[in-house]
Amino acid sequence: MRSRPPQHGRTLEVFVSDRRVGILSESPETGLVDFDYEAEVNPDFAVSLTMPVVAEHDAYHEFNGLPPPFEICLPEGLLLDLIRARFAKHVEIDDDLSLLHLIGRHTVGRVTFGGPLAPDEELDARILEAARSDQSAQALLDILSTLPERFGISGVMPKMSGGPRQTRPGTLVREKFIVKFDTHQYAGASLIEHACLQACERAGLNGAHSTLAPDARSIRVRRFDLAQDGTRLGFEDACALSGLRRTGKYSGSVEHLVRMIRHYGDLSYQREDLEMLLRAIVMNDVLRNGDAHLKNFGLLYGCIERARLAPIYDVLTTQIWLPRDTPALSLRMSDEDKRWLDKAGMEDLVDLTGLWEIDVGRIRDEMAEIAVSTMQAIAKDHPPDAGPHARALHEAIAVVERAAVSARP
Ligand SMILES: Nc1ncnc2c1ncn2[C@@H]1O[C@H](COP(=O)(O)OP(=O)(O)OP(=O)(O)O)[C@@H](O)[C@H]1O
Ligand SMILES: [Mg+2]
């Protein structure tokens, strides 16, 4: 990653819910990065489930790059390109510590870098107005292009975080959201993701709630890392929780996700979360989502002993753009290939989760029925002649209909 030799002993303060808890520092000699907690940090203010507050002074030393949990908010895709175009002269964008320095006060979850969260209600309100307009994709792109450094969000699709202005102190922070919008290359991505997320919700999956813009070129997905009273919750993706760098997001397996729940999940809800995970994997399969990688699952927590599987997000039929797309994850760590679920795959999924009492074939039929009917209902408002985005949704329905029958005996 690093293209220039390390500068002199750079440091960056780390905050959890606006309290300073520690410091990241880079060794000028080796370029390795250490994280040190301050003295007497409350264990509830751990920076990650994988990095509890401990007394040993060198417990989190000598990372080659950032510790994986600090990578989850690093921009990718269009957002990173926009940051590069604007800041490359001043900031070393390919250096993760510099990038974190730039965006670190605008992250998702409860950890921020360089200072407490820096809310900007006026910007949030502008984003909301753009997201509600009938030229939403262009209006959102205009905002993102001028202020890309304000969005510490990963993912390759163009997106940003926003929400309604808080009218008076104490007003509940409701409906803060992440906005995702179409580009020419992926026309229809927003409409299809909206339909897929609605299908997840209808199927009883804990799916992030999505609202479609008037022009159907963007969606607002309600943020799940903010509680009703505005408290920020801990959120970590399965890539970081598996100890993998963000570039390893496709190198994982469903087994990693199961282990994540068994290792860090609230003991009283593990069975429930494993079943939710199984259903989500089956739904992603039916929807032919080839992008359900390790950064698209995670755990959410108010306090660290109570981590639960986060709501399902980033679900869409990728086979529209990549007709031969395969799943993003293999089933087991030892599997060499990645295949859509056939009968044997479904049995293996049951074995992996240990949910032997479950009729996975029935769940698959149920998911397929809900997926197709939900997408068809949404497609009624978007006939194929409405534009490329609507045509993409109709193609997605055909893909899902084919997938629905594919694993039947
Ligand atoms: N509803 C939400 N609430 C809080 N955080 C979210 C929500 N949706 C997404 N995120 C965070 O933002 C990141 C990017 O979102 P998302 O995965 O939807 O984008 P994407 O660009 O489609 O990603 P990918 O690169 O996987 O295609 C997620 O990995 C997660 O960390
Ligand atoms: Mg994603």
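Every read-out reported here was derived from the displayed coordinates using simple, explicitly stated rules and does not represent laboratory data. These figures come from a predicted structure and were not determined experimentally. Using ideal geometry, Cβ is built from the backbone for each residue, glycine included, and neighbour counts are taken over all protein chains shown.
Once the chain from TYR250 to LYS380 is taken as fully extended at 0.36 nm per residue, the excess over their C-alpha distance is 43.3 nm. In terms of overall dimensions, the C-alpha atoms belonging to the stretch 8-96 reach 42, 31, 19 Å along their principal axes, ordered largest to smallest. From the alpha carbon centroid of the stretch 304-352 to that of the stretch 31-73 is 30 Å. Here the dipole of the chain is about 900 debye; that uses its Cα centre as origin and unit charges on the Cβ of Lys and Arg (positive) and Asp and Glu (negative). Computed from Cα positions, the angle between helix 121-131 and the longest principal axis of the chain comes to roughly 20 degrees. The spread of Cα positions in the stretch 166-300, taken along each principal axis and listed from longest to shortest, comes to 41, 41, 30 Å. Less than 5 angstrom separates the built amide H of VAL21 from those of VAL14, PHE15, VAL16, all sequence-distant by 5 or more or on a different chain. For HIS90 and GLU38, a Förster radius of 25 Å and the Cβ-Cβ distance give a FRET efficiency of 0.25, rounded to the nearest 0.05. Computed from Cα positions, the angle between helix 343-353 and the longest principal axis of the chain comes to roughly 40 degrees.
Full extension of the segment from GLN138 to LEU355, taken as 0.36 nm per residue of separation minus the current Cα-Cα distance, would add 73.5 nm. A dipole drawn for the chain from +1 and -1 charges on Cβ atoms has a positive end, and of PRO214, HIS293, HIS184 the residue lying farthest that way is PRO214. Each of PHE63, PHE113 was scored by other Cβ atoms within 10 Å of its Cβ. Listed from fewest to most, they are PHE63, PHE113. Loop only by DSSP, 15 or fewer other Cβ within 10 Å of the Cβ. Give me the trypsin sites (Lys or Arg not before Pro) in the stretch 341-409 that pass, ordered by residue number. Qualifying residues, ordered by number: LYS380. Using the Cβ of ARG339 as centre and a radius below 14 Å, the other residues enclosed give a net charge of -3, where K and R count +1 and D and E count -1. Taking one quarter of the surface of the convex hull spanned by the alpha-carbon atoms of the chain gives a direction-averaged projected area of 20.3 nm². When each of LYS338, LYS176, LYS159 is scored by the number of other beta-carbon atoms lying within 10 Å, the sequence from fewest to most is LYS338, LYS176, LYS159. Of all the options ASP95, ASP385, ASP142, the one that moves most in a Gaussian network model of the chain with Cα springs shorter than 10 angstrom is ASP385. Counting only alpha carbon atoms, the long axis of helix 189-202 and the longest principal axis of the chain meet at about 80°. A dipole drawn for the stretch 233-406 from +1 and -1 charges on Cβ atoms has a positive end, and of HIS263, GLY252, TRP356 the residue lying farthest that way is GLY252.
Listing VAL405, VAL111, VAL286, VAL221 from the residue with the fewest other Cβ atoms within 10 Å to the one with the most, what is the order?
If I rank by nearby Cβ atoms, fewest first, I get VAL405, VAL221, VAL111, VAL286.
Taking THR326, THR318, THR247 as the candidate residues, the one with maximal mean-square fluctuation in a Gaussian network model of the chain, Cα springs under 10 Å, is THR247.
May I ask you to list the lysines whose Cα is less than 17 Å away from that of LYS159, ignoring any residue fewer than eight positions away on the same chain? Leaving aside lysines fewer than 8 places away in the same chain, those within reach of LYS159 are LYS176, LYS180, LYS295.
Taken along the Cα-to-beta-carbon direction at a fixed 7 Å, the label points for ASP337 and HIS61 span 4.8 nm.
For the stretch 233-406, the spread of Cα coordinates along the three principal axes comes to 51, 33, 30 Å, biggest extent given first.
Hey, if you put +1 on the Cβ of every Lys and Arg and -1 on every Asp and Glu Cβ in the stretch 10-113, which of ALA85, VAL108, PHE63 ends up farthest toward the positive end of that dipole? Farthest towards the positive pole: ALA85. Our estimate of slack between GLU122 and ARG324, defined as 0.36 nm per intervening residue step minus the Cα-Cα distance, is 68.4 nm. Remark: spin-label model distance GLU29-ARG362 equals 6.5 nm, labels positioned 7 Å along the Cα→Cβ axis.
For ALA292, the residues whose amide H sits under 5 Å from its own are ALA328, ignoring neighbours fewer than 5 places away on the same chain, with H placed 1.01 Å from N.
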